[in-house]
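Since the structure comes first, as structure tokens, the remarks are kept for the end.
The values are calculated or read from the model by the stated rules, or taken from the named source; none is laboratory data. Just so it is clear, the structure is predicted and the values come from calculations on it, not from any experiment. Please note: Cβ atoms are built from the backbone with ideal geometry, for glycine as well, and neighbour counts cover all protein chains shown.
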Amino acid sequence: MEPVQESGGSTPFGVERDPARVVAFSDAVIAIAITLLVLEIRPPHDTRHLLHGLATLWPSYLAYAVTFMLIGQVWANHHIMFDHIRSADRVVLFLNTVLLMDIAFLPFAASVLADSFRDGHGQRTAVVLHGIAFEFAAVLFNVIWRYACHDRRLLAATIDSAGVTAIGRRFQLALIWLGTGTLLGALLPVLGVAVIGAFILYYWLPIAGEIAKARPRRGHGDHS
């Protein structure tokens, strides 16, 4: 295993920086985006038939649940990725900013999806819009990871080649799965949402090699 280089070195794309601030800023944007989702669920005005009014909001509940869990996956996999990125140059900063811009757009996409199913019009367009937003996020994950893994220049020593490959394959699978759901949604909206929803269950499974290797700690009585 090659020794980890000290951060702060100069590269063709600027000085490498500790990614801790990248992760902290990303967490904040993701937290705001995921919280804004619930604001799209507006209570019914007719309280005389409240139960019926609440029931008719099922498209909003569906869009909220699917989008919330997908953004949760974005957050989890963002941490998995940056657990193994030891430094960030300007390219990583730029790509991550574009990723956050996409994430901030997701509450709007969820609102469009809910409105289309509630009104009964434009479902295909809404599912495709929703799917493309997440597909774009998947593209950015793949680009950031491949860039960081190139010659292992930005990777920490906490991950081996098998772990790099396993994480990369999971990110590539997201491209195929979300892309398939988006295409199916253009033909049959309900099927597209179902395929994307099934992706949620699978993608929460752990990735082999995602856990950073911890250095063994010495015991108090260990003098070796």
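Summary of computed values
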read-out	value
Complete set of residues in the range 149-191 that are within 20 Å of the chain's Cα centre (by Cα) and either within 23 Å of A20 (Cα to Cα) or of a type in the set (S, T, N, Q) (or both)	C149, L155, G163, V164, T165, I167, G168, F171, Q172, T180, T182
Residue match in the range 125-132 (condition: of a type outside the set (F, W, Y), within 30 Å of D89 (Cβ to Cβ) and not in a loop (DSSP other than H, G, I, E, B))	yes
Yes/no for L129 being surrounded by fewer than 21 Cβ atoms within 10 Å (Cβ to Cβ), touching a Leu at 6+ places or on another chain (Cβ under 9 Å), free of Cβ contacts under 8 Å to residues at least 40 places away in the same chain and not hydroxyl-bearing (S, T, Y)	yes
Cβ-Cβ under 8 Å pairs, at least 6 apart or on other chains, the range 81-104 side within 20 Å of V164 (Cα to Cα), far side acidic (D, E) and surrounded by fewer than 17 Cβ atoms within 10 Å (Cβ to Cβ)	S87/D18; A88/D18
So I32, is it among the β-branched types (V, I, T) and at pLDDT 95 or above	yes
Residue list for the range 4-29, restricted to those being in contact with a strand residue (DSSP E or B) (Cβ under 7 Å, 6 or more places away or on another chain) and modelled with pLDDT of 85 or more	P19, V22
Evaluation of F94 against (1) modelled with pLDDT under 95; (2) farther than 20 Å from V128 by Cα (one fails), failing number	(1)
Flag if A114 is part of a helix (DSSP H, G or I), aliphatic (A, V, I, L, M) and surrounded by fewer than 17 Cβ atoms within 10 Å (Cβ to Cβ)	no
Elements of type helices (runs of 4 or more DSSP H) contained in the range 13-102, each with 3 or more residues being touching a helix residue (DSSP H, G or I) at 6+ places or on another chain (Cβ under 8 Å) and over 29 Å from A157 (Cβ atoms)	20-36, 58-82
Number of the exception - Q172 against (1) crowded, with 16+ Cβ neighbours inside 10 Å; (2) in contact with a helix residue (DSSP H, G or I) (Cβ under 8 Å, 6 or more places away or on another chain); (3) at pLDDT below 95	(1)
Within the range 21-73, considering residues that are under 24 Å from I85 (Cα atoms) and of a type in the set (S, T, N, Q), the one nearest to the chain's Cα centre (by Cα)	Q73
Residue match in the range 118-138 (condition: over 20 Å from Q73 (Cβ atoms), out of contact with any helix residue (DSSP H, G or I) (no Cβ under 6 Å at 6 or more places or on another chain) and of a type in the set (S, T, N, Q))	yes
